Amino acid sequence: MCVRKILYTIGFLLLLSCKEKKQEVVQIKKTKSDTSVAYSIQENDTLQQSKGPINIKSVEDKTSPKEEEYSPDGNWQVDCKKGAGSLSIDGNEASLTVLYNQIYIDMKELKKYDFEKGIAYTLKEVPEDIGNIGRGLNWKEYVNNEPIAYLKIIDENTMLFYWYGFYNKTTKQRECKETNFQQESKTKEIILKRCSP
């Protein structure tokens with residue numbers, strides 16, 4: 001609501017700076033009580049609120065289109081037919097195959113970045129399903145509020161995936177900075193495709 005008032009004030013100031021000689025009628029806003037406020041630009045370039053009835057067409061208050069909703073829910077891979085890396089998202093939680101047959105983790109949503117349809121994830125808990133490589137990692141140090149992965153929705157079937165690695169809260173370093181996705185991707189950017197809803 002505050003932003004609208006600021007925009008209307010800016011519009012009002014812009015109208016003040018107009019140098020047109022003929023009288024124009026401008027409807028600024030419909031109020032909650034369905035009354036319109038009309039202003040006219042007089043010949044001396046001043047803006048005055050109309051005092052009597054003015055014949056103006058009713059203009060509906062146009063609201064800006066609602067931001068398009070985006071949902072990353074589903075199963076995502078670099079290659080849906082033969083990819084080993086996999087990301088499954090359901091609501092605010094996600095499961096990721098970091099390294100096939102070695103490290104499988106659960107993540108939780110940390111923060112949404114609506115301006116670019118992005119979501120940051122952090123490690124949810126110490127994983128139970130780990131192989132020999134996973135057993136040697138400092139899992140208790142990795143469960144914190146630092147992001148480990150970020151995704152950016154391109155369209156309903158495509159996303160960019162960024163893997164930062166696990167953040168060790170004691171050493172303040174990133175560890176295990178590679179996933180199956182980097183190994184499978186033919187480009188530097190990891191582009192995932194929705195393989196199933």
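Taking amide H atoms as placed 1.01 Å from N in the peptide plane, the amide H of residue 100 lies under 5 Å from those of 180, each 5 or more residues away in sequence or on another chain. Electrostatic tally near residue 86: other residues with Cβ closer than 11 Å to its Cβ, Lys and Arg +1, Asp and Glu -1, net -2. Taking a Cβ cut-off of under 15 Å around residue 171, the surrounding Lys, Arg, Asp and Glu residues balance to a net charge of +2, with basic ones at +1 and acidic ones at -1. Here the spin labels are modelled as points 7 Å beyond Cα on the Cα-Cβ line, and at residue 141 and residue 90 they lie 3.2 nm apart. Placing a label point 7 Å from the Cα of residue 187 along the Cα-to-Cβ direction, the residues of region 147-165 whose backbone N falls under 15 Å of that point are 152-155, 157-162. When Rg and the Kirkwood radius Rh are both evaluated on Cα atoms of region 58-194, their ratio Rg/Rh stands at 1.06. Summing Lys and Arg as +1 and Asp and Glu as -1 over all other residues whose Cβ lies under 11 Å from the Cβ of residue 146 gives a net charge of +2.
Since every read-out is calculated from the coordinates, none of them should be taken as a lab result. All values derive from a computational prediction rather than experimental measurement. All Cβ positions, glycine included, derive from the backbone under ideal geometry; neighbour counts span all protein chains shown.
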